[in-house]
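First comes the structure, then the notes that go with it.
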Amino acid sequence: MTSAPANKETAEDAALCAAREHVHHVTKASGTSFFWAMRLLPAARREAMFAVYAFCREVDDIADEEAPTEDKAQRLDEWRAEIDRLYTGAPTFPTTRVLARPIADYGLEKADFLALIEGMEMDAGENICAPSMTDLEYYCDRVAGAVGRLSVRAFGATESAARDVAYALGQALQLTNILRDPKEDATRGRLYLPADLLDKYEIETRDPAAVLAHPRLPEVCRDLAAVARRRFDEAETAIAKCARQPMRPAIVMKEIYSRYLDLLVAGDWRDLDHRVSLPRRQKLWIGLRYGLI
């Protein structure tokens, strides 16, 4: 008489264990710099961040894959429906099964998951091409600020300034990524460099490849890099208003990405085929220097 509940519990435990293995695999396979920051967290919070990152990776992969726009929209709609199921206690995807506990423990907000999906819909729909600076900031908040808001809750930061960290650092990281990958984005028909700056430097074309070949491209990128640098400074100011220990992963990401930005500025976008990165040993040093001290 008691074997059925026991068997059910065993099956549920096995399903959750498999789901955890899934989010670990997605995170590690991505080779993300965020992995170094996530390793600094206590076990339960680290598991939460692995699940948040796996969610981000999975919806981002939908937006980036070669598939008809309608198919991408349908799959992102499925994720939107899954987030609804997650918040009613009935998740069905491996990643959302793992997210259920962090949502209960750390108060991860549904609006932030939906904001990220909205950002992926912007990428999956008509290709983004020279948005206004206002629209670019909105996009960055959807695809990076929302992740920041989920992350600071998972880190355990409770101060009101933590949301300022999420906004400013999200903007800084995403702008840095845009400046790192203009050629890769152009191969997908995307151009994230804002129209405001293209107009400022009299670049009339909006064709991504033509913009990247324009002699005044470095001037556009320098200006956008200055915006990213201001956001890093704003993030540092906000971090100083928070308890240091929960913010250690954010500090590590800030240090890694600010170095990416330094390298980009030094290279002045002369070689768009070279993607700026840091050696593994340097990331490890940053993790030790800013994450453990």
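The values are calculated or read from the model by the stated rules, or taken from the named source; none is laboratory data. Here the structure is a predicted model, which means the values were calculated and not measured. Cβ placement follows ideal geometry from the backbone for every residue including glycine, while neighbour counts extend to all protein chains displayed.
List the number of the failed condition for D60; all other conditions in (1) farther than 30 Å from A210 by Cβ; (2) not in a loop (DSSP other than H, G, I, E, B) hold. Of the numbered conditions (1) farther than 30 Å from A210 by Cβ; (2) not in a loop (DSSP other than H, G, I, E, B), the odd one out for D60 is (1).
Do the conditions hold for A213, that is, is it under 20 Å from I178 (Cα atoms), aliphatic (A, V, I, L, M), surrounded by 18 or more Cβ atoms within 10 Å (Cβ to Cβ) and not assigned by TED's automatic domain parsing to the domain that holds A37? Step through it out loud before you land on a result.
Numbers: under 20 Å from I178 (Cα atoms): yes; aliphatic (A, V, I, L, M): yes; surrounded by 18 or more Cβ atoms within 10 Å (Cβ to Cβ): no; not assigned by TED's automatic domain parsing to the domain that holds A37: yes.
So A213 fails the test.
Of the residues examined, A186 is not one that is within 19 Å of S258 (Cα to Cα), part of a helix (DSSP H, G or I) and not assigned by TED's automatic domain parsing to the domain that holds P42.
Counting the residues of the range 115-142 that are surrounded by 20 or more Cβ atoms within 10 Å (Cβ to Cβ), under 27 Å from K241 (Cβ atoms) and touching a residue at least 60 places away in the same chain (Cβ under 8 Å) gives 1.
Of the helices (runs of 4 or more DSSP H) lying entirely inside the range 76-172, the ones with 1 or more residues being touching a Lys or Arg at 6+ places or on another chain (Cβ under 9 Å) and under 23 Å from R248 (Cβ atoms) are found at 94-106, 110-124, 146-155. One residue stands out in the range 238-293 among those that are part of a loop (DSSP other than H, G, I, E, B) and of a type in the set (G, A, S): the one that is farthest from V165 (Cα to Cα), namely S277.
Listed residues D123, D112, D77; which is at pLDDT below 95 and of a type in the set (D, E)? Explain how you work it out, then say what you get.
Values: D112 fails: at pLDDT below 95; D77 fails: at pLDDT below 95.
Result: D123 is the single residue among D123, D112, D77 that is at pLDDT below 95 and of a type in the set (D, E).
Against the test of being surrounded by 14 or more Cβ atoms within 10 Å (Cβ to Cβ), over 28 Å from Y192 (Cα atoms) and free of Cβ contacts under 8 Å to residues at least 40 places away in the same chain, the options R80, R20, R57, R46 yield a single qualifying residue, R46. Exactly one residue out of T176, T237 is of a type in the set (S, T, N, Q), assigned by TED's automatic domain parsing to the domain that holds Y139 and closer than 19 Å to D271 by Cα: that is T176. Residue pairs whose Cβ atoms lie under 9 Å apart, sitting 6 or more positions apart in sequence or on different chains, and linking a residue in the range 276-293 that is over 30 Å from K183 (Cα atoms) to a partner that is at pLDDT below 85 and surrounded by 12 or more Cβ atoms within 10 Å (Cβ to Cβ), are G291/W36; G291/A37; G291/R39; G291/L40; L292/L40. The numbered conditions (1) farther than 24 Å from E21 by Cα; (2) free of Cβ contacts under 8 Å to residues at least 40 places away in the same chain are all true for T69 except (2).
Just one of the listed residues (D123, D112) is within 14 Å of the chain's Cα centre (by Cα), more than 19 Å from A51 (Cβ to Cβ) and not aromatic (F, W, Y), namely D123.
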